[in-house]
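J.: Take a look at this one; I'll ask things after.
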Amino acid sequence: MTSQTLQGKVAIVTGGTRGIGEGIVKAFAEQGASVVINYTSSADRATNLVKLIKDKGGQAIAVQADVGDELGPKKIVDETIKAFGKIDIIVNNAAVSFIQTIDQADVESADQVYKVNVRGPILLIKESVPHLQDFGRIINVSSIAARSGVPGMSIYSASKAALEGLSRVWAQELGPKNITSNSISPGPVATDMFLALPEEARASIKETVQKAPYKDFSSVDDLVGVVSFLASPASQRITGDVLNTNGGLLFG
């Protein structure tokens, strides 16, 4: 039986119907949290996930909202408060990425990446603060790309570095309420985002993984365990940090 370490907590997970987000949603629900599943376009997956959780005796709602839209984060928070009355945990997981070398970079791609990966979390936390409970948790899904030079990923890398910077500031600003703010830094995970990359990019990443201590990709379960720990009472003395969940992978 899964430990009910999050019993009574309310958790928002952006990008919660696929890959890492879906894994986090399921884990939080199993640990007793009421879960708000944010999604952009996968309505059927969101509906099925809510049903799965409720069939097991849990509580969940799905909120369709693009965090990259100016009003998206407010909608997520409003629906959360309407359903559950408070917020305890926020996981900024939704993200987009484009493979573009700097000579190929364009304004539209840069704007889209920053709207979803940076502005979205800023506005979600801003809207959540009045409802975020003491001893709350902010968990930001960053990437090893934030601190390594991955060719073709300058815009994405910069957005994740920005998210880590925001996370450290939130740790300071919200510390008086005993709210922690941390990031995890995954390496490659075989999610939809990875599979959508060009074949050349996927091949390059696979080759790099072979140089790491663990010569394989991280699994969603590998990351979910760390996120569950950060959401739990056991992590109270960890804040403003980045937990490397990439198996020791360092891009050269």
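Matching residues to (1) more than 20 Å from residue 226 (Cβ to Cβ); (2) at pLDDT below 95:
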{"site": "8", "(1), (2)": "yes, no"}
{"site": "18", "(1), (2)": "no, yes"}
{"site": "34", "(1), (2)": "yes, no"}
{"site": "46", "(1), (2)": "yes, no"}
{"site": "49", "(1), (2)": "yes, no"}
{"site": "76", "(1), (2)": "yes, no"}
{"site": "79", "(1), (2)": "yes, no"}
{"site": "85", "(1), (2)": "yes, no"}
{"site": "90", "(1), (2)": "no, no"}
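J.: For region 150-159, does any single residue satisfy the condition of being touching a Pro at 6+ places or on another chain (Cβ under 9 Å), small (Gly, Ala, Ser) and more than 13 Å from residue 93 (Cα to Cα)? It would help to see each step written out before you state the result.
T.: Kept after step one, since they are touching a Pro at 6+ places or on another chain (Cβ under 9 Å), are these residues of region 150-159: 152.
Of the ones still in play, those that are also small (Gly, Ala, Ser) are 152.
Going one step further and asking which of them are more than 13 Å from residue 93 (Cα to Cα), we end up with 152.
Within region 150-159 (the criterion being touching a Pro at 6+ places or on another chain (Cβ under 9 Å), small (Gly, Ala, Ser) and more than 13 Å from residue 93 (Cα to Cα)), the answer is yes, since at least one residue qualifies.
J.: Six or more apart or on different chains, Cβ under 6 Å: which pairs go from a residue in region 109-120 that's under 16 Å from residue 40 (Cα atoms) to one that's hydroxyl-bearing (Ser, Thr, Tyr) and modelled with pLDDT of 95 or more? Could you list them?
T.: From region 109-120, the pairs are 113/159; 117/159.
J.: Separate question: Yes or no: residue 157 crowded, with 19+ Cβ neighbours inside 10 Å, at pLDDT 95 or above and polar (S, T, N, Q)?
T.: Numbers: crowded, with 19+ Cβ neighbours inside 10 Å: yes; at pLDDT 95 or above: no; polar (S, T, N, Q): yes.
So residue 157 does not fit the description; no.
J.: Considering (1) at pLDDT 95 or above; (2) buried (at least 17 other Cβ atoms within 10 Å of the Cβ); (3) among the β-branched types (Val, Ile, Thr), say which one residue 122 fails and leave the rest.
T.: (2)
J.: What number of residues within region 148-175 are among the basic types (Lys, Arg) and in contact with a helix residue (DSSP H, G or I) (Cβ under 7 Å, 6 or more places away or on another chain)?
T.: Kept after step one, since they are among the basic types (Lys, Arg), are these residues of region 148-175: 160, 168.
Now restrict to residues that are in contact with a helix residue (DSSP H, G or I) (Cβ under 7 Å, 6 or more places away or on another chain): 160.
Matching residues across region 148-175 total 1.
Yes/no per residue for (1) among the acidic types (Asp, Glu); (2) closer than 27 Å to residue 77 by Cα; (3) in a helix (DSSP H, G or I):
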| site | (1), (2), (3) |
| --- | --- |
| 119 | no, yes, yes |
| 122 | no, yes, yes |
| 129 | no, yes, yes |
| 133 | no, yes, no |
| 140 | no, yes, no |
| 146 | no, no, yes |
| 151 | no, no, no |
| 155 | no, no, yes |
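J.: Oh, and also: Has region 132-144 got at least one residue that is touching a Lys or Arg at 6+ places or on another chain (Cβ under 7 Å) and of a type in the set (Ser, Thr, Tyr)?
T.: Yes, region 132-144 contains at least one residue that is touching a Lys or Arg at 6+ places or on another chain (Cβ under 7 Å) and of a type in the set (Ser, Thr, Tyr).
The values are calculated or read from the model by the stated rules, or taken from the named source; none is laboratory data. Not measured: the values here are computed from a predicted model. All Cβ positions, glycine included, derive from the backbone under ideal geometry; neighbour counts span all protein chains shown.
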